[in-house]
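The values are calculated or read from the model by the stated rules, or taken from the named source; none is laboratory data. Note that this is a predicted model, so its numbers are computed, not measured. Methodologically, a virtual Cβ is constructed for each residue, glycine included, from the backbone with ideal geometry; neighbour enumeration extends over all protein chains shown.
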Amino acid sequence: MEQQTDSQVNTGRADAEAVRQSHGGAKRRRGGRAKLDTDFGEETLAALRTRAKRLGLAPSTWVRTVVRDALHASRSEELDAAVAAHLLGVEARVQASADARELAAQIRPLAINVNDLDRRARAGESVALSAEVPELIELLREVRALLGDRAAS
């Protein structure tokens, strides 16, 4: 079995050349063509240019070839699964963010009261604390740890 070292995606010269020929060459513009501007990070763009150059292609031709291959019917299930996995990850982060905001809203009044007690104690005023304060402090540490605060532990 021949191993593709360039990537798992079929990005050979023959396929890219076929794309170039079927679309009138890499630089020729025709009316009615859709255009997509895409921002890549510097590292990704450099890797893309290196790969395209290695194949003797313009970067845009290589990208079109890769995208068309990814959209090909035989790969659509693989692409759909990757997109779904990404969306699930995004949804999980959004939910975690909403949960964190809700927790913060519930804790904020307690924090204000604790800060007020601290201010009074530092000013020399007498402050009475309930027996549950150590439990409350431990609970707040757990919440901070859940929210990613490394100083909480």
Ala58 passes all but one of the listed conditions (1) loosely packed, with under 10 Cβ neighbours inside 10 Å; (2) of a type in the set (Gly, Ala, Ser); (3) at pLDDT 80 or above; the exception is number (1)
Boolean, Glu138 is assigned to a helix (DSSP H, G or I) and either surrounded by 11 or more Cβ atoms within 10 Å (Cβ to Cβ) or modelled with pLDDT of 75 or more (or both): yes
If you check Arg75, Arg93, Arg68, which single one turns out to be among the basic types (Lys, Arg), in a helix (DSSP H, G or I), closer than 30 Å to Leu147 by Cβ and modelled with pLDDT under 85? Arg93
Those residues of segment 35-55 which are aliphatic (A, V, I, L, M) and either at pLDDT below 80 or within 23 Å of Ala82 (Cα to Cα) (or both), in sequence order: Leu36, Leu45, Ala47, Leu48
Residue match in segment 109-120 (condition: at positive phi and either at pLDDT 80 or above or aromatic (Phe, Trp, Tyr) (or both)): no
Return the residues of segment 107-134 that are closer than 30 Å to Ser97 by Cα, more than 37 Å from the chain's Cα centre (by Cα) and surrounded by fewer than 11 Cβ atoms within 10 Å (Cβ to Cβ); say none if nothing qualifies. Asn113, Glu132, Pro134
Condition first: part of a helix (DSSP H, G or I) and surrounded by 10 or more Cβ atoms within 10 Å (Cβ to Cβ). Now tell me which residues in segment 141-151 satisfy that. Arg141, Glu142, Val143, Arg144, Ala145, Leu146
Scan (1) more than 30 Å from Lys53 (Cβ to Cβ); (2) touching a residue at least 40 places away in the same chain (Cβ under 8 Å); (3) polar (S, T, N, Q) for the single condition Thr65 breaks and write down its number. (1)
Among the β-branched types (Val, Ile, Thr) and out of contact with any helix residue (DSSP H, G or I) (no Cβ under 7 Å at 6 or more places or on another chain) - does that describe any residue in segment 107-122? yes
Val19: β-branched (Val, Ile, Thr) and at pLDDT below 80, yes or no? yes
